[in-house]
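Reading through the C-alpha cells given below for one structure.
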Amino acid sequence: MMTSRERVRLALDHREPDRVPLDLGASTVTGMHVDTVYRLRQALRLDAPGTPVKVIEIGQMLGEVKLDLQAALGIDTVLLPGTGTAFGFPLEGWKEWQTFAGTPVLVPAGFNTQPEPNGDLLLYPEGDRSAPPSGRMPRGGFYFDVIVRQPPLDEDNLRVEDNLEDFQPVSSRELEHYRERAEELYTQTDKAIVLNLGALALGNIARVPGPGLKHPRGIRDVEEWYISLSSRPEHVYKIFERQTEISLANIQKIFEVVGNRVAAAYLTGTDFGAQNGPFVSPRTYRRLFFPFHKEVNDWIHAHTAWKTFIHSCGSVWALLEDFVAAGFDILNPVQCSAANMDPVELKKKFGDKVTFWGGGVDTQRTLPFGTPDEVRKQVCERVRTFGPGGGFVFNAVHNVQALVPIENVLAMYGAAREYGVYPLRRESAA
C-alpha cells in the first residue's frame, strides 16, 4: 500500500499515485479556523465535549490538525512549523481561552488581550501591554486584524534597516526545534512534511505593519507600502535584496538540520491578485520580486529535493508564466472564483509546469453556503479537472473558515477520497 509520503511525492513529480493526495493544516494557508476544528473533532467523536483545541496561528486563529483528525479524514501531509507567531510571542506556555463563539481553545502564554469598551479585543506585540496594540479582533469576530502603527516618514532619511527589524538570522534554538520536529515527523508518521518558512515574504501585507514589533519603524502603512512599489522602487528593491540575503542564509542553515525529510517548502504568502485581476503588474513583479524569488528557488533546487510553494490569492493568471520562470513548483490556493482562473484553462496551460495545491472547492460560496451535494459535485469536478497526470494536491481554496457547516467539510473530504482514486472516474457526483 502506498504511503502518504510516496503519494505526495508522485503528485509533485507530475505522476499519478494511487489517489489524489489530501491536505489539511500543512501550512498556514491550507488550514482550518479553530472553531471549525473543534466542531469537526466533536462531530467525529475524537474528543470529549469541552476539550480545547490549540490555536497554532494567531492572526487567522487556525486550529491544530492533530494526527487523529488527519487519520479520520485521510490527510497525507503534515506541518513542520517554526516556534514563533506573527505577533512576536512564541508558541509555548499554553493556557485556556474562549473564542467569541464560545469554543474552548488553548493559546500561547504571550496571547495577552485587552477588551475595549465596545467589546473589541486588542492584542499586543510580544504580549506586552505597555506597547501599543498591534492586533484587533472586532466584537463577535473570528480573526485579528493587524493595526497599522505608521510612524511619521522622513522622506529624505528612509532606512532599509527599519523594514528589516522583523527579519533576523535564525537562532540556534530555532534550528534545534526544526531538527527535532523534522526527525519526529519523519520517523513517527508516513506523512509528507511541509516546511512552513514564509521566508520570501517580500511585501507580504500581513507582515508589513510589523505586528510583532513594539515600535515598528520604516514604511509600515499598507497604503503607503503599495504606493512605494511605484514611488520608491529603488528603496523597496534594497529592502528585498537584504531580506533575501537573510532568508537565504536561514534556509541554508535549516536545510542542514532537516535535510530532505521535507517534501515541500512554503516560501511566500505575498498576495499578488485581487478578485478581478492582479494588483501588481507583471512589470512590477519582474522588477521587484522576480529576481529574489528566482535566487532562492535556484538555490533550493540546486541543493535540496524540496519543491517550492507560492501562495497568492486572487486572479494571478497574468503572473503565472513569471511564477514558473522564477522556479516555483507549487501554486496555492488556486482561487478558481477569481477572474481568468478557470480550472480547465489552468490545467491545460500550466498543468505540466506547476502542482496545483488547492482549488478543490470554493470557500467563498460553495463550502460555506452550499449543500453537501453541491460540495460533492464541485469536488468531483475539480478532482476530475486538476487530477489527471498528477500535479494536484487536494485542499480547499485557502483556509476553511469559521461557521462552515461540518456536514460540508465531511462531504468535501469524503468526495475527495471517493472521486480521487486513480484512474479517475469521469462521471459527475450526484
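The values are calculated or read from the model by the stated rules, or taken from the named source; none is laboratory data. Since this is a predicted model, take the numbers as computed values, not measurements. No Cβ is skipped: glycine too gets one built from the backbone with ideal geometry, and neighbour counts run over all protein chains shown. What goes into the accessible areas is simple: the full protein's heavy atoms, side chains included, and nothing from ligands, DNA or RNA. Shrake-Rupley method; radii C 1.70, N 1.55, O 1.52, S 1.80 Å.
The figures follow:
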| read-out | value |
| --- | --- |
| Pairs, first among the aliphatic types (A, V, I, L, M) in region 304-322, second part of a helix (DSSP H, G or I), C-beta under 7 Å, six or more apart | Ala305/Asn260; Ile310/Phe323; Ala318/Pro282; Leu319/Pro282; Leu319/Tyr285; Leu320/Phe350 |
| Residues of region 293-306 satisfying the condition of being open to solvent by 10 Å² or more (accessible area, probe 1.4 Å), assigned to a helix (DSSP H, G or I) and of a type outside the set (A, V, I, L, M) | Lys294, Glu295, Asp298, Trp299, His301, His303 |
| Residue among Asp162, Asp154, Asp190 that alone is free of Cβ contacts under 8 Å to residues at least 60 places away in the same chain and open to solvent by less than 70 Å² (accessible area, probe 1.4 Å) | Asp162 |
| Matching residues, region 18-28, being part of a loop (DSSP other than H, G, I, E, B) and either among the aromatic types (Phe, Trp, Tyr) or open to solvent by less than 10 Å² (accessible area, probe 1.4 Å) (or both) | Val20, Pro21, Asp23, Leu24, Ala26, Ser27 |
| Residues within region 84-127 that are outside any strand (DSSP E or B) and surrounded by 15 or more Cβ atoms within 10 Å (Cβ to Cβ), tallied | 20 |
| Residue match in region 36-52 (condition: in contact with a His (Cβ under 7 Å, 6 or more places away or on another chain) and either closer than 28 Å to Thr113 by Cβ or open to solvent by 50 Å² or more (accessible area, probe 1.4 Å) (or both)) | no |
| Residue that is most open to solvent (accessible area, probe 1.4 Å) [pool: residues in region 208-234 that are assigned to a helix (DSSP H, G or I) and among the small types (Gly, Ala, Ser)] | Ser230 |
| Counted residues, region 377-423 - those being surrounded by fewer than 19 Cβ atoms within 10 Å (Cβ to Cβ) and in contact with a Pro (Cβ under 6 Å, 6 or more places away or on another chain) | 1 |
| Residue match in region 360-380 (condition: in a loop (DSSP other than H, G, I, E, B), under 21 Å from Val29 (Cα atoms) and touching a Lys or Arg at 6+ places or on another chain (Cβ under 6 Å)) | yes |
| So Gly360, is it under 16 Å from Tyr419 (Cα atoms), crowded, with 20+ Cβ neighbours inside 10 Å and within 16 Å of the chain's Cα centre (by Cα) | yes |
| Unique residue being among the hydrophobic types (A, V, I, L, M, F, W, C), out of contact with any Leu (no Cβ under 8 Å at 6 or more places or on another chain) and modelled with pLDDT of 95 or more when the list is Leu175, Leu185 | Leu175 |
| Test: residue in region 409-428 that is over 23 Å from Arg45 (Cα atoms), in a helix (DSSP H, G or I), modelled with pLDDT of 95 or more and not β-branched (Val, Ile, Thr) | yes |
